[in-house]
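Below is one structure, written out as structure tokens, with a few remarks after it.
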Amino acid sequence: MTVPIEVVWDRARSELRLAWSTGADTVLDGAYLRRWCPCAACQGHSGHVRFLSALADTQITGVAEVGAYALNLTFADGHDSGIYSWTWLRRLDPSGTLGGPKSGVFVRGSFHPAPT
Ligand SMILES: [Zn+2]
């Protein structure tokens, strides 16, 4: 498992910045993370995680560590049940600054783009 060596919550910009042991950096903004919330309340129990494009923009209002493997994020819309594992955060922005998918679905970890 890839693990971040540093996690910075930039509250003013509503961004998470993660520096990985591989040398890569990931920047994820709050509205983007909210739309990829993997929790059962947002996604059901199908094993699929889809991009929730209909949600309004929101900001991160709290960040808490969950064990050594994840972050629990709280958002300004009141949502606080999303557990964002390191693997999930890495998957959301594999290539760098806001380069991750903004539509589509992950099925058991494999990304499937939305049909065009
Ligand atoms: Zn959720």
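We did not get these values from a lab; they are worked out from the coordinates using the rules stated. These numbers come from a predicted model, not from an experiment. Glycine gets a Cβ as well: all are built from the backbone with ideal geometry, and neighbour counts include every protein chain shown.
It is to be established whether one or more residues within region 95-106 are part of a loop (DSSP other than H, G, I, E, B) and within 15 Å of the ligand (Cβ to nearest atom). No, the conditions are met nowhere in region 95-106. Would you confirm whether any residue within region 48-57 is within 12 Å of the ligand (Cβ to nearest atom) and either buried (at least 16 other Cβ atoms within 10 Å of the Cβ) or in contact (Cβ under 8 Å) with a residue 40 or more places away in the chain (or both)? Yes, the conditions are met somewhere in region 48-57.
When region 17-32 is examined, which residues are found to be within 16 Å of the ligand (Cβ to nearest atom) and touching a Leu at 6+ places or on another chain (Cβ under 6 Å)? Answer for region 17-32, where residues must be within 16 Å of the ligand (Cβ to nearest atom) and touching a Leu at 6+ places or on another chain (Cβ under 6 Å): just L28.
Within region 35-58, the set of residues being within 12 Å of L89 (Cα to Cα) and in contact with a Phe, Trp or Tyr (Cβ under 7 Å, 6 or more places away or on another chain) comprises W36, P38. Restricting region 69-83 to residues that are part of a strand (DSSP E or B), of a type in the set (A, V, I, L, M) and out of contact with any Pro (no Cβ under 9 Å at 6 or more places or on another chain) leaves a set whose member that is surrounded by the fewest Cβ atoms within 10 Å (Cβ to Cβ) is A70.
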